[in-house]
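Below you'll find the structure, written out as structure tokens, and then a few comments.
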Amino acid sequence: MVVDFNDLIPLYTQIADAIEDDILSGKLPEGEKCYSQVVIARELNINPATAAKGIRLLVDRGVLDKVRGQAMTVHKGAIEMIKKRKIEQTLSGEIEALVAEAQKLGVPEDSLVDKIRECYKGGGKDE
């Protein structure tokens, strides 16, 4: 797990995002145990309360299941929940910003769509 201590994004949010990335990549399978706040705190050399706040964010989102006295587990269906949230919040915002910038620059809609298709086919790398 990697976080950027100089980033404006709070550490607990970066922790939650990193855990979600591990779930999406399959490193943390649905139904399996998640990292503990102690392990995260030790690995990142941070206060356990900060790690707990990141985990709590995922519990609140329904991505992690918390059962008193047991290890935290990845919710079955977490992958779809994460994808849906990221599409609604992150991707939609980026698309809106891209479209606004293209309109400001006078880029025709067809040209923008063509560029997106090229980029998509190239795996997201600008060619």
For the chain, set up a Gaussian network in which alpha carbons nearer than 10 Å are linked by springs, and say which option among SER36, SER25, SER111 fluctuates the most. SER111
The chain: relative contact order as a whole-number percent, Cα under 8 Å and 6+ apart: 21
Checking the cross-link filter: which lysines have an alpha carbon closer than 18 Å to that of LYS27, excluding same-chain neighbours under 8 positions apart? LYS76, LYS83
Under a cut-off of 23 Å between alpha-carbon atoms, report the lysines in cross-link reach of LYS115, not counting same-chain residues fewer than 8 places apart. LYS86, LYS104, LYS125
Separation in nanometres of the label points that stand 7 Å from Cα toward Cβ, at ASP4 and VAL99: 2.7
Please give the calculated 222 nm ellipticity per residue for the chain, where each DSSP H segment of at least 4 residues contributes -39500 (n - 2.57) and the sum is spread over every residue; nearest 500 deg cm²/dmol? -18000 deg cm²/dmol
Given [x] 23, 16, 14; [y] 46, 17, 13; [z] 35, 17, 13, the label whose value is semi-axes √(5λ) of the Cα gyration tensor in Å derived from this model: [z]
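Apply the a/c threshold of 1.5 to the C-alpha gyration tensor of the range 79-121 and tell me whether it is rounded, prolate or oblate.
Details: a/c = 4.53, a/b = 1.80, b/c = 2.51.
In terms of gyration-tensor shape, oblate.
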Based on the Kirkwood radius over alpha-carbon pairs, what value in µm²/s does the Stokes-Einstein equation return for the translational diffusion coefficient of the range 11-76 at 20 °C and 1.002 mPa s? 185
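Taking only C-alpha pairs under 8 Å that are 6+ residues apart, what is the relative contact order of the range 11-76 in percent? List each step's numbers first, then the result.
Working: 78 pairs, mean separation 26.7, N = 66.
Here the relative contact order equals 40 percent.
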Which of the aspartates and glutamates could a cross-linker span from LYS53 if the Cα-Cα distance has to be under 13 Å and same-chain partners fewer than 8 positions apart are dropped? ASP17
Assuming 0.36 nm per residue, please report the length gained on full extension of the stretch VAL67 to LEU112 beyond their Cα-Cα distance. 11.4 nm
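Bear in mind that the values in this text are calculations on the coordinates, not laboratory data. Since the model is a prediction, treat every value here as computed from it, not as a measurement. So basically every Cβ, Gly included, is an ideal-geometry build from the backbone, and we count neighbours across all protein chains shown.
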